[in-house]
Each structure stands twice: as C-alpha cells, then as structure tokens.
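The values are calculated or read from the model by the stated rules, or taken from the named source; none is laboratory data. Owing to the predicted nature of the structure, the values given are computational and were not obtained by experimental measurement. Counting neighbours? That spans all protein chains shown, and the Cβs are built from the backbone with ideal geometry, glycine included. Please note that ligands, DNA and RNA were not included when accessible areas were found on the heavy atoms of the full protein model with its side chains. Shrake-Rupley method; radii C 1.70, N 1.55, O 1.52, S 1.80 Å.
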Amino acid sequence: MSDKFYMDLLAAGFGGQGIMMLGQLVAYSGIHQGRHVTWIPAYGPEMRGGTANCSCVVSSEEIGSPVVGSADVVVVMNQPSLEKFAPRVKPGGYLIYNSDLVEYSSPRTDVTVLPVPAQTMAHDLGSDRVANIIMLGVIVKASGMVSKEDALETIKEKLGAKKPKFLPMNLEAFDKGMSVAEELINR
C-alpha cells in the first residue's frame, strides 16, 4: 500500500446492542485489507444493559498507540453514549447515531451528522440484533474506513460461519445501512 491511511472509530451503547461485534467487524475488515489494526473493548459492570464501548484504529502503517482520544468516526446507539462521545468526533469526522433511541437537538456543524433509525430498520428486517450491522454499512459507505468488499467478506467469515441461517439477514442489514448512508449524505 503506497497511500498513507489512518482512521479511528469509537462505538458506544448499551451492552447487548452489538457494539463490540461492530468494532470487531471493522477491525477484521481492516485486517482483511492488509492494514494494521487495534481494537479495545470497554465494558460497564453489567452484563446486559450496562454501558459498552470500543475503539478501533485502522492504519496503513504501524500504530503507535491504540488509545483513541478523539475519533474520525463515532457511532452511538443510546443517549448516554451521545452525551459522552459526541464531543470526541474530530472536526471533519462522522457522528453516526441511532435516531430511534437518541435525540440530538443541536448538532455540530464541523462534522457530518448521520441520524440512522437503526432499531426500526433492524426490526423491519426481522431482528433487533442486526442494528449494529446496519451501522457497519453506514460506516463503510460514509467514511470508507474499510472497503465494502472486505466488510462483506468479514460478515460472511465471522457471522456466516457461526450462524449461517442469519447470514442473508446480516447481508441485507449491511446493504440497508449502505443505502441509508447514501440517502443521508445526498440529502
């Protein structure tokens, strides 16, 4: 890879919303592209319903520190995560939030803000558990942090191998995320 590339992600929400899997899928997609990657999870004390967040760095060069202070892409799935992480989006970055569970009344003007009705979209697909895969599609389409091809391959490898019967739904969720991101960016 001749072009220098460096992007980082912070993803946050309640435990059980697939935040860790979202970060892992971005990380594995970066690895699939031959990039250097870090992924760090952080959990609240509760198993389900507590806070969960993770950071991920994808780079064309070795990563000096896995710590993400401010990020190119911030994904928030609930209101407390918005309050905590919205200020950490780098100017020019992306704030992607679950508009079904998050109200954002005074959006920043120095970042691209993408309100995604992830819960509704996931429910319409047949499972609330694919909201994170919808968000992965949004990340890929909006930011280009990882390629569409590598993200699809990662979904097939990591999710399709574990539960093949849910692979079509996960692939459809990813496509829906890509579509909604395009609509939001072109509005």
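Sequence-ordered 3J(HN,Hα) estimates for the range 52-65 from the Karplus curve with 6.51, -1.76 and 1.60 and θ = phi - 60° stand at 8, 8, 8, 10, 9, 10, 10, 9, 7, 10, 4, 9, x, 9 Hz, glycine and proline given as x.
Calculated mean residue ellipticity at 222 nm for the chain: -11000 deg cm²/dmol, from DSSP H runs with n ≥ 4 weighted as -39500 (n - 2.57), summed, divided by the residue count and rounded to 500.
Do any GluC sites (Glu not before Pro) in the range 102-167 lie in a loop, going by DSSP, with at most 12 other beta-carbon atoms within 10 Å of their beta carbon, and if so which? Spell out each step's value before the answer.
Working: sites: E103, E149, E153, E157; in loops: E103.
Filter output for the range 102-167: E103.
Summed over the residues of the range 1-124 and divided among them, the accessible surface reaches 48 Å² per residue at a probe radius of 1.4 Å. Please report the net charge: other residues with Cβ closer than 15 Å to the Cβ of V138, K and R +1, D and E -1. Its environment carries a net charge of -2. With θ taken as phi - 60° and the Karplus curve 6.51 cos²θ - 1.76 cosθ + 1.60 applied, the whole-hertz 3J(HN,Hα) list for the range 171-187 is 5, 5, 4, 4, 4, 5, x, 4, 5, 5, 4, 4, 4, 5, 6, 8, 6 Hz, x standing for glycine and proline.
Using a 1.4 Å probe on the protein heavy atoms, what percent of the accessible area of the range 53-187 belongs to carbon and sulfur? For the range 53-187, the apolar C and S fraction of the accessible surface comes to 49 percent. Taking 7 Å steps out from each Cα toward its Cβ at K90 and Y104 produces label points 1.8 nm apart.
Using the Cα atoms as the points, what is the convex hull volume per residue of the range 3-103 in Å³? Show your work: numbers first, answer last.
Working: hull volume 10.0 nm³, N = 101.
Value for the range 3-103: 99 Å³ per residue.
Can you pick out the pairs among K148/K176; K141/K176; K90/K158 whose Cα atoms lie more than 18 Å from each other? Don't skip to the end; give the middle numbers.
Values: K148/K176 13 Å; K141/K176 11 Å; K90/K158 30 Å.
Over 18 Å apart, Cα to Cα: K90/K158.
Paramagnetic label reach from E172 (point 7 Å along Cα→Cβ; backbone nitrogen cut-off under 14 Å): within the range 121-157, residues 121-131, 134. Across the range 73-89, computed HN-Hα scalar couplings (Karplus, 6.51 cos²θ - 1.76 cosθ + 1.60, θ = phi - 60°) run 10, 10, 10, 10, 9, 8, 4, x, 5, 4, 4, 7, 9, 4, x, 8, 6 Hz from first to last residue, x flagging Gly and Pro.
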